[in-house]
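I have placed the structure first, in the form of structure tokens, so that the comments after it can refer back to it.
Computed from the coordinates by the stated procedures, all read-outs in this text should not be read as laboratory data. Everything numeric in this text was worked out from a predicted model, so none of it was measured. Cβ coordinates were reconstructed from backbone atoms using ideal geometry, including for glycine residues, and neighbour counts include every protein chain displayed.
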Amino acid sequence: MLYVIRVYRATLALGVNCVSKALEMELLAGVIIEKDVDPQIITKLLIPIAQSKGVPIISVSGLNSAFKTVTGMRCIALGFKVCAPLLV
């Protein structure tokens, strides 16, 4: 499981705080956010940051449940890192 977490962390920014920081440092190539969040302000703050940095952002319904099914973890914001190193 530790190896899987390292792979995730090397290639993805998981969570609103991590995605926000990675956007500010211009480390992300794209962002997916959960559409059905209450309150929506949690993820809506990422939209202007992504737009100002020129990073595409998509709002998807069901991201949290799909991510939990695959990884066992919950996630309402997911960022894809630029030039992420490969862990073999």
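What to note about this one:
- Reachable lysines, given that their alpha-carbon falls under 19 Å from the alpha-carbon of Lys81 and they are not under 8 places away in the same chain: Lys21, Lys53
- Value at 222 nm in deg cm²/dmol, rounded to 500, when DSSP H runs of n ≥ 4 in the chain each add -39,500 (n - 2.57): -12000 deg cm²/dmol
- Kirkwood hydrodynamic radius of the chain, from inverse mean 1/r over distinct Cα pairs, in Å: 13.1 Å
- Antiparallel %, DSSP beta bridges [both residues in the chain], to 5: 65 percent
- Estimated inter-spin distance, Ser61 and Arg9, nm [label 7 Å along Cα→Cβ]: 3.5 nm
- Of interest is the spacing of the C-alpha centroids, which for the stretch 52-81 and the stretch 3-46 amounts to 7 Å.
- Rounded to whole numbers, the Karplus 3J(HN,Hα) couplings from phi for the stretch 45-51 are 5, 6, 4, x, 5, 4, 5 Hz, using 6.51 cos²θ - 1.76 cosθ + 1.60 with θ = phi - 60°, and x at Gly and Pro.
- Rounded to whole numbers, the Karplus 3J(HN,Hα) couplings from phi for the stretch 9-17 are 5, 6, 10, 10, 9, 10, x, 4, 5 Hz, using 6.51 cos²θ - 1.76 cosθ + 1.60 with θ = phi - 60°, and x at Gly and Pro.
- Only aspartates and glutamates eight or more places from Lys44 in sequence, or on another chain, were considered; those with a Cα closer than 18 Å are Glu24, Glu34, Asp36.
- Considering only Ala22, Ala10, Thr69, and ranking their Cα positions along the charge dipole of the chain that arises from unit charges at the beta-carbon of Lys, Arg, Asp and Glu, the one farthest toward the positive end is Ala10.
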